[in-house]
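The values are calculated or read from the model by the stated rules, or taken from the named source; none is laboratory data. Since the structure is predicted, the reported quantities are computational estimates derived from the model, not experimental observations. Glycine gets a Cβ as well: all are built from the backbone with ideal geometry, and neighbour counts include every protein chain shown. Only protein heavy atoms, including side chains, enter the accessible area calculation; ligands, DNA and RNA are left aside. Shrake-Rupley method; radii C 1.70, N 1.55, O 1.52, S 1.80 Å.
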Amino acid sequence: MGKVIGQRLPLYDSYRHTTGQTRFTDDIYLPGMLFVKTAKIPVPHARILNIDTTGAERVAGVAAVITHKDVPNNYWGAFVQDQPVLPDKYVRFLGQPVVAVAAVDEDTALEAAEKVKIDYEELTPVFDPEEAMQPGAPEVHEGGNIAKFGGYDAMMVRLGDVEKGFAESDYVIEHKFHTAMNEHAFLEPHCSVAEADANGHITIYTASQTTSWHQFLICGVLAAPINTVRIVSGPTGGGFGGKSNPSTEFVVALLAKKTGKPVKWRWTREEEFLISTVRSADTFWMKTGFKKDGTLVARQIRYIQDTGAYNDFGTYGMMKLTSQINGPYRIPNVWFDGYVVYTNKQVTGPMRGYSITQSVSANETQMEIIAEMTGLDPIEVRRKNLVQDGDILPTQQVLEAVGVRETLDAVIKASNWYSK
Amino acid sequence: MSVQYFAPASVEEALQLLAGNSDYTLLAGGTDLVPRMNLRQIKVLRGLVYLGNIAEMKGITSHNDYIFVGALVTHSRIAASELIKEKAPNVWYASYHMGTPAIRNAGTIGGNLVNASPAGDSCVALLAADARVILKSRHENRLVPVKEFFVDKGRTVLNPGEILYGVQLPMAGQGIRKGSSYQRIGLLKGSSTAITNVAAEVEQDGEGVCQACRIAVGAMAGTPLRLAALEEALAGKKIDRDLINQVVKDVDAWINPIDDTYATAWYRRKVVKVLIKRALLEASGLEGSEGEV
Amino acid sequence: MEIAFTLNGLAVKVDVKPADILTDVLRQKLGVLSVKKGCETGDCGACAVLVDGELVNSCVTLAPTVAGKSITTVEGLIVNGEMDIIQRRLAEYHGTQCGFCTPGMVMAIKALLNGNPHPDEAEIRRAIAGNLCRCTGYQKIVEAVQSITA
């Protein structure tokens, strides 16, 4: 071992963490800073009839109250611009903030938010994506609950001839899988601070996983040129995908601009569970054909991703998934239909691998079943089917520099697999 | 919200304060009250009476036929007490496995009782221990069996102006073999609220005949619950595996499990039978502890 | 109301409201920003401090109840410019990633080692059970503590 190579190096920021010197966004306190709380309604699906903010505005210590009317471009989205910063017509999930209040402290902001009057007509919600796909289901969005891929209902992937593949298989197995919604539960709740100057320039301090992406989306919502919005991305107290899109930033920017004062919005843990993005709950059917010797021949998948109330990274996640549906295994005949479906639940977003993680559990479950049915060692079944240089993924990419076999062999050796 | 704060140094002083202000809220470790304040679930709070300075409510003392545990004794103190571990193992187990180190350092046995959660860990242990609570008001002291203490979820027989002073743990008489077992299941090994918990105490003579037994379960009703029918079915009989299997079968009629975010009533109904069986096997000396699930 | 207590060895006096939680008083009035707000219900441990040597969650501790007591946070573990060994080893053994749980974690380990200088692995895990960490998987934290006590 050399002086550097092979040595353990502490992360450059770790001593600051252990001594408490790391400054997260919530550790920023600026003179005259205002704090945000929001008004919401107690149902997951409703048509907004009227919003009356006069009661909130009268509370001493309240600096500003904003609604959808205060947002220059209210609808935003990574791929589909379907999500309002503050809703104008519909509330689509429980706890969705409708009105934002900035006040001298959190208690005052909360008191004022409770005085906002929101008249609404409750609508029938739909929570199950399979139900949401049926004709006549309550509409989460006007025009249907199935997100579009270039005009089509499904993200479709075809490789080879799947019917011929099943016909050539010795065995065909099919299972329905369902995975649960997950909350990232990073320890640092969402928080951002914004300040605006007299030139109309805005600085936003936040814990973002995607600084430039934030800047791009925030400028869109604010209708502000990109050189007038500065994003300072501080330490991120855990993200895991959950801090990939803006959340609190639009509102603090708007309120800072309106009040001329620094504004902070920190979500409580309760808000994290209710309104932050989550990993999608997925439902899918996986049919796999294979030979007696364990060789995989064909696979057909119908995949439904519950994207919640808005698209967020939904269609993008589905596209990411398509290249990974077979994991590290070679299957020459593939038929995949993936649907992204709206429901009246909190928005789903990236979490450590989009829907890829969900599909891996199904993929590996079937590999275990195949090992049992063929009587082969579970590792041998996998080894036999590993992709290698020159193989084609269902999405047509030609693989090169594949190292999965060497990796698996190293694991076999390190774990003493064959002496277990 | 404007709140008055008091930190009396004695029980008398605290009772005096409550006499004129029975709507004041008592504060001990704060591990149940303060989260509710932070979540804005407490809409009216006029006065806080912090009991933490009252030394006489912090003691563990041994008497002829009972052990006194002050209401302000923390779970950490109970977990560290050799006396409680030896003489009241279920009460010790409940505190030892409750919450997390920081919660055990603050949370008190009295707080766990007064909070009256249907699955309160100490509540279930104290029920099976046949413990009594001492309730003090300005004009009287009441000694109430824990069995009669709980009214409903979050409600007890404690009157306005009354303070839960402490707990008496009765000790078994000479010549009686008392076995006990505490079983609990939670979502995590450490730190989680019990999905359900079972405490059992079985007193047997030299022949293994059951002289008395007490079975308490959590989350099976609005309050922690004693299963009297099962206790009666065991009383006077020689306890063996078959008898236990038989009485556990009958539990369905006597429980109405709660349904919440931790688990469904369906699951609780299934799992409680397993835990009762394990508890009875261990408490009657037929099997060793299987430990925390 | 004014309360007095000792904070990291210094006597402090501070004006608080009865329902103020200790976390807010430490952060907003005394500038102790290492104490984090992760849940406000006593579940995550990011706000953990020592009160008279015992680990407590400052988010479920009302400020007036610490009058007359002694409070220690990670800032107070640095003596004459030297970090505590826990602070060094957690960094060196990669027991910290995003850093948000770290100050509370350091205090939980401090409380453990104060009472038990040679804990086994089960005792270490039990001592940090109330300090949630979503990054490390805890293994590196346990190894960091073991490097101190072995």
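A Cβ-based charge dipole, computed about the Cα centre of chain A with Lys and Arg at +1 and Asp and Glu at -1, lands at about 960 debye. Divided by 2.2 N^0.38 Å, where N counts the residues, the Cα radius of gyration of the stretch C:2-76 comes to 0.95. Percent of Cα-Cα pairs more than 31 Å apart in chain B, please. Distances greater than 31 Å cover 27 percent of the Cα pairs. For the stretch A:205-239, backbone nitrogen atoms closer than 16 Å to the point 7 Å from A:Asp13 Cα along Cα-to-C-beta are found at A:205-212, A:231-239. Measuring max minus min along each principal axis, the C-alpha atoms of the stretch B:91-147 give extents of 38, 23, 19 Å (largest first).
Hey, in the GNM for chain C with a 10 angstrom Cα cutoff, which one of C:Ala67, C:Ala46, C:Ala19 fluctuates hardest? For chain C, modelled as a Gaussian network with Cα springs under 10 Å, the answer is C:Ala19. The share of alpha-carbon pairs in chain A lying farther apart than 35 Å comes to 40%.
What do you get for Rg/Rh over the stretch B:133-240 if you use C-alpha atoms and the Kirkwood form of Rh?
1.03
Available extension along the chain between A:Thr228 and A:Val172 is 14.3 nm, counting 0.36 nm per residue and deducting the alpha carbon span.
Peptides A:192-198, B:154-160, A:305-311, C:101-107 ranked from most to least packed, by the mean per-residue count of other Cβ atoms within 10 Å: C:101-107, A:305-311, A:192-198, B:154-160. Computed over all pairs of different Cα atoms, the Kirkwood value for the hydrodynamic radius of the protein assembly as shown is 30.4 Å. Largest GNM mean-square fluctuation across A:Pro84, A:Pro378, A:Pro394, computed for chain A with C-alpha springs under 10 Å, falls on A:Pro378. The stretch B:34-76 has equivalent-ellipsoid semi-axes of 31, 12, 9 Å, by the square roots of 5 times the alpha carbon gyration tensor eigenvalues, sorted largest first.
Built from the Cα atoms of the stretch B:49-100, the convex hull projects on average onto 4.2 nm², one quarter of its surface area.
With 27 Å as the limit, the listed pairs B:Lys136/C:Lys17; C:Lys37/C:Lys69; A:Lys257/B:Lys43; A:Lys243/C:Lys140; B:Lys87/C:Lys110; A:Lys37/A:Lys69 have B:Lys136/C:Lys17; A:Lys257/B:Lys43; B:Lys87/C:Lys110 beyond it between alpha carbons. Candidate membrane-span-like segments in chain B, meaning DSSP H helices with Cα atoms spread over at least 24 Å of their own axis and a Kyte-Doolittle mean of 0.0 or above, are B:265-283, with no membrane implied. When chains C and A come together, the accessible area they lose, probed at 1.4 Å and totalled over both chains, is close to 2700 Å². Here, the stretch A:370-420 is characterised by an Rg to Rh ratio of 1.06, where Rg is the alpha-carbon radius of gyration and Rh the Kirkwood radius. Model label sites at A:Thr54 and C:Val79, defined 7 Å from Cα along the beta-carbon direction, differ in position by 6.5 nm. Taking Lys and Arg as +1 and Asp and Glu as -1, the other residues whose beta-carbon sits under 13 Å from that of A:Gly294 total 0.
The alpha carbons of the stretch A:218-283 give a radius of gyration and a Dmax of 14.1, 48 Å, in that order. Just to be sure I understand: if you take the accessible area of chain B alone plus chain C alone and subtract the pair, with a 1.4 Å probe, what total do you get in Å², rounded to 100? Adding both sides of the contact gives about 1900 Å².
With all protein chains kept in place, the per residue accessible area of the stretch C:2-76 amounts to 32 square angstrom at a probe of 1.4 angstrom.
Taking a sphere under 14 Å around the Cβ of B:Ala216 and counting the other residues whose Cβ falls inside, with K and R at +1 and D and E at -1, yields a net charge of -1.
Placing a label point 7 Å from the Cα of C:Gln139 along the Cα-to-Cβ direction, the residues of the stretch C:82-97 with a backbone N closer than 16 Å are C:93-97.
Taking the Cα centre of the stretch C:2-76 as the origin, how large is its charge dipole in debye, to the nearest 20, when only Lys and Arg (+1) and Asp and Glu (-1) carry charge on their Cβ atoms?
140
Using the Cα centre of the protein assembly as shown as the reference point, and only Cβ charges (+1 on K/R, -1 on D/E), how large is the resulting charge dipole? Debye, rounded to the nearest 20. Taking the Cα centre of the protein assembly as shown as origin, the dipole is about 760 debye.
Calculate I(q)/I(0) for the stretch C:85-149 by the Debye formula, one identical point scatterer on each C-alpha and no solvent, and give its log10 at q = 0.28 Å⁻¹ to two decimals. Here the Debye-derived log intensity ratios amount to -1.43. What are the DSSP H helices in chain A that stretch 20 Å or more along their long axis, judged by alpha-carbon atoms, and whose average Kyte-Doolittle hydropathy comes to at least -1.0? Helix filter hits for chain A: A:356-374.
Considering only Cα atoms, the convex hull volume of chain C works out to 100 Å³ per residue. What the Kirkwood sum gives for the stretch B:146-196 is a hydrodynamic radius of 15.1 Å, with every pair of different alpha carbons counted. When a 1.4 Å probe is rolled over the protein heavy atoms, the share of accessible surface on chain B that falls to carbon and sulfur comes to 49 percent.
Report D for the stretch A:68-227 in µm² per second (integer): Stokes-Einstein, Kirkwood Rh on Cα pairs, 20 °C, 1.002 mPa s. Here the translational diffusion coefficient equals 103 µm²/s. In the stretch B:243-293, the ratio of gyration radius to Kirkwood radius, Rg to Rh, stands at 1.02 when only Cα atoms are counted.
In this calculation the C-beta distance from C:His118 to A:Lys164 is compared with R0 = 60 Å, giving a FRET efficiency of 0.35.
Gain on full extension, evaluated as 0.36 nm per residue between B:Val157 and B:Asp260 minus their Cα-Cα distance, stands at 34.6 nm. Taking every alpha-carbon pair within the stretch A:315-389, the share separated by more than 19 Å comes to 46 percent.
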